[in-house]
Amino acid sequence: WGWPDWIVDLAGVRVALYFPAEREEVGRIIKSLFISVAEPKEFPTAAQPTYKKRFSGYWATHYRVHLPETLLNESQKRYAEARIEIQVASVLMHAWSEVEHDLVYKPLQGQLSSDEYAILDELNGLVLAGEIALERLQRAGDLRVSAHDREYTNHYDLASSLVEMAREKLTGLNIHDAAIGRVDLLFQLLLELGLNTPDQLAK
């Protein structure tokens, strides 16, 4: 996106994720809900950094979209062509990006020292390590939850498992836990029948 494209957005939205690995899933939801104006912009880019870094800097995906007219009432139709930027990154990355941007691009007290630049770079390394740890934690949790011989603890657990099992068939559809009906009744039924495990449910 060139400079002129950056100054015509009606709104900017940030999606801050606790688990960085959910970026792709959020991207699928954004593409299903909005009309894309351009290909998503992936960070880090190939552009040269503004200061010497050991770490890769900002990791995120930015989307440029329009609101579909079907979501707008008559008085809002004029917003249908307005551009919206949606920035998707982890909570950690958004926080680091804000600090870096305020210090590097909006210096209120002169140019930063080499030590300050080094600290920003160090913090970026810690954020990237934190993202890796969060991704590992999510995978470990998914592995625990997907154990086929465990019992569902409640209907929320069951609903989450149903969505996960059907993920491939539901690709591209805006389906979430609340959209699949009275799972509380299904949970009670499975409990009574002794079929209250992922293994039994999959069958």
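For this structure, a couple of remarks:
- Qualifying residue in the stretch 60-69 (condition: within 16 Å of L128 (Cβ to Cβ), of a type outside the set (F, W, Y), surrounded by fewer than 16 Cβ atoms within 10 Å (Cβ to Cβ) and in contact (Cβ under 8 Å) with a residue 12 or more places away in the chain): no
- Qualifying residues in the stretch 155-194 (those that are assigned to a loop (DSSP other than H, G, I, E, B) and open to solvent by less than 60 Å² (accessible area, probe 1.4 Å)) - the one modelled with the lowest pLDDT: G172
- Qualifying position, being of a type in the set (G, A, S) and either within 20 Å of the chain's Cα centre (by Cα) or closer than 20 Å to I29 by Cβ (or both), among A133, A118, A147: A133
- Flag if Q200 is farther than 30 Å from H94 by Cβ, modelled with pLDDT of 95 or more and part of a helix (DSSP H, G or I): no
- The residue pairs whose first member lies in the stretch 95-106 and is over 15 Å from A16 (Cβ atoms), whose second member is assigned to a helix (DSSP H, G or I) and open to solvent by 80 Å² or more (accessible area, probe 1.4 Å), and whose beta carbons are closer than 8 Å, counting only pairs six or more residues apart or on different chains, are L103/E116.
- Cβ-Cβ under 6 Å pairs, at least 6 apart or on other chains, the stretch 183-196 side over 20 Å from D149 (Cβ atoms), far side open to solvent by less than 20 Å² (accessible area, probe 1.4 Å): V183/L158; V183/A159
- Residue in the stretch 80-93 that is assigned to a helix (DSSP H, G or I) and exposed (fewer than 14 other Cβ atoms within 10 Å of the Cβ) present: no
- Summed over the stretch 17-32, residues that are exposed (fewer than 15 other Cβ atoms within 10 Å of the Cβ) and farther than 26 Å from E69 by Cα total 1.
The values are calculated or read from the model by the stated rules, or taken from the named source; none is laboratory data. Source: prediction; values computed, not measured. All Cβ positions, glycine included, derive from the backbone under ideal geometry; neighbour counts span all protein chains shown. We work out accessible area using only protein heavy atoms, side chains counted, and drop any ligands, DNA or RNA first. Shrake-Rupley method; radii C 1.70, N 1.55, O 1.52, S 1.80 Å.
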